[in-house]
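The next block holds one structure in the form of structure tokens; read it before the comments.
What follows draws every value from the coordinates through simple rules; no lab data is involved. Predicted model, so just to flag it, every value in this text is computed and none were measured. Cβ sites come from the backbone with ideal geometry, for glycine too, and all protein chains shown count toward neighbours.
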């Protein structure tokens with residue numbers, strides 16, 4: 001019992017129960033009073049803002065340094081990434097870098113060898129075997145004042161923007177019931193969707209799929225998961241070429257995060273995109289790196 005992170009566990013379980021049970025009950029009794037176009041749109045927009053800020057910001061920009069970004073992009077991904085309530089940039093990136101360095105080993109925070117549930121969300125609910133991360137592998141990120149500011153205030157930002165903003169919009173549009181609907185749909189349900197989008201990368205993409213680039217670790221490509229994770233499902237490629245700004249390297253592969261990065265490059269908001277050479281990718285496909 002002493003190894004349980006009680007706050008994390010209660011929060012993850014309660015938000016899931018609110019989504020699966022609370023939202024349907026609310027809709028049954030008060031659905032006729034709700035502007036479904038507004039709240040449906042708010043759910044989608046908040047999901048995109050929150051989810052892309054994790055995949056594009058936390059993951060590819062900050063954890064892997066796959067490209068460089070100007071301040072507005074860094075600020076927006078820091079703020080809306082916080083609404084995912086998956087920890088600060090520093091903590092998230094530290095865990096993720098350790099995952100890549102020690103994949104499938106004891107020091108891997110979400111080691112699939114400890115079971116599907118552990119990799120999915122159990123690792124968040126239990127204290128790590130080797131203690132909390134000392135954040136020694138993110139010294140580069142500690143040099144950024146914006147990241148340090150976000151590290152201090154991420155929970156406040158996440159609650160105010162992630163829950164408060166949709167509740168406020170709902171209230172202004174539809175009174176108290178509109179505010180509750182905004183909180184439930186744009187806040188809690190959106191949060192649960194983003195959570196499990198992220199969690200399935202750590203669990204399902206280390207369980208099911210193909211390994212066209214490397215079988216050195218459990219990471220697998222899944223086109224199906226890519227559809228629900230802004231392109232993060234091409235996980236085997238990502239583990240072999242972690243600093244590439246692309247996950248779906250082929251033109252036809254579904255990777256909205258990649259496309260967003262390319263669009264931002266066109267308008268001058270991101271630059272210095274990193275990518276593996278065609279020769280290295282071809283060699284990996286021929287199993288030369290396995």
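Before moving on, here are some points about what is shown:
- With Cα atoms, 0 to 90° folded angle of helix 6-17 axis to the chain main axis: 70
- Mean separation of Cα contacts under 8 Å (6+ apart) over length of the range 6-285, as relative contact order %: 22
- Reported label for calculated mean projected area of the Cα convex hull in nm² given (i) 21.2; (ii) 18.5; (iii) 16.0: (iii)
- Taking the number of Cβ atoms within 10 Å of each Cβ as an exposure proxy, the fewest-first ranking of 185, 197 is 197, 185.
- With the convex hull of the Cα atoms taken as the outline of the range 19-149, the averaged projected area works out to 10.2 nm².
- Average Cα contact separation per residue, the range 152-267, under 8 Å, 6 or more apart, as relative contact order %: 14
- Estimated translational diffusion coefficient (Stokes-Einstein, Kirkwood radius over Cα pairs, 4 °C, 1.567 mPa s) of the range 194-281: 98 µm² per second.
- Each of the peptides 108-115, 87-94, 24-31 was scored by the mean count of other Cβ atoms within 10 Å over its residues; in descending order, highest first, they stand as 87-94, 108-115, 24-31.
- Taking only the C-alpha atoms of the range 96-216, Rg followed by Dmax gives 18.5, 55 Å.
- Under the criterion of Cα pairs below 8 Å and six or more residues apart, the relative contact order for the range 90-219 equals 25 percent.
- Degrees separating the helix 145-159 axis from the principal Cα axis of the chain, which is the longest one: 40
- Among 229, 55, 41, the largest mean-square fluctuation in a Gaussian network model of the chain, built with springs joining Cα atoms closer than 10 Å, belongs to 41.
- Residues 265, 240, 106 arranged by fewest to most Cβ contacts within 10 Å: 106, 265, 240
- Ranked list, fewest to most other Cβ atoms within 10 Å of each Cβ, for 246, 127, 60: 127, 246, 60
- Rounded to the nearest 10 degrees, the angle from helix 165-182 to the longest Cα principal axis of the chain is 30 degrees.
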